[in-house]
1. Could you do me a favour and compute the accessible area per residue for the chain, 1.4 Å probe, result in Å²?
2. Apply the Karplus parameterisation 6.51 cos²θ - 1.76 cosθ + 1.60, with θ equal to phi minus 60°, to every residue of the range 41-50 and state each ³J(HN,Hα) to the nearest whole Hz, in sequence, with x for glycine and proline.
3. In nm, to one decimal, how far is the residue 25 label point from the residue 55 one, both placed 7 Å along Cα→Cβ?
4. For the range 1-67, what class follows from the C-alpha gyration tensor (a ≥ b ≥ c being the square roots of its eigenvalues): rounded when a/c is under 1.5, otherwise prolate if a/b is larger than b/c, else oblate?
5. Could you state the angle between the C-alpha long axis of helix 2-21 and the longest principal axis of the C-alpha atoms of the chain, as a value from 0 to 90 degrees rounded to the nearest 10?
6. Summarise the accessible area of the chain (1.4 Å probe, protein heavy atoms) by the percent that is carbon and sulfur.
Amino acid sequence: TEEYAHILQLVTRNEEKLTETLTEAQKEIFEKFKDSTLEISSITEVTAFTLGFKLGLRLTAETFISSDQKLET
């Protein structure tokens with residue numbers, strides 16, 4: 001979306017400005033920080049997807065179980 005693109009542009013611009021002020025050792029630490037942040041974000045996204053998928057399955061199962069019980073009565 002346009003909002004996402006704008007925020008991504010801000011992040012990139014600010015990262016470039018920050019990186020210009022860092023020493024080589026600080027840049028290495030910052031890269032490790034970004035890698036760790038990306039890894040935790042990936043784990044969070046997978047966890048959120050898994051929880052959402054399980055919830056969807058439960059709701060679907062409940063629908064079928066409720067439908068079956070109504071047909072039996």
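1. Working: 6820 Å² over 73 residues.
Counting only protein heavy atoms, the per-residue value for the chain is 93 Å².
2. So the J values, rounded to whole Hz, are 5, 5, 4, 4, 5, 5, 5, 4, 4, 4.
3. Inter-label distance under the simple model: 4.6 nm.
4. Details: a/c = 10.62, a/b = 2.58, b/c = 4.11.
Oblate, since a/c reaches 1.5 and b/c is not below a/b.
5. Orientation of helix 2-21: about 30 degrees from the principal axis.
6. Details: 4280 of 6820 Å².
C and S fraction of accessible area: 63 percent.
The values are calculated or read from the model by the stated rules, or taken from the named source; none is laboratory data. Predicted model only: the values in this text are computed from it and were never measured. A quick note on method: Cβ atoms are made from the backbone with ideal geometry, for glycine too, and the neighbour counts reach across all protein chains shown. Quick note on the areas: whole protein, heavy atoms, side chains included, nothing else; ligands and nucleic acids left out. Shrake-Rupley method; radii C 1.70, N 1.55, O 1.52, S 1.80 Å.
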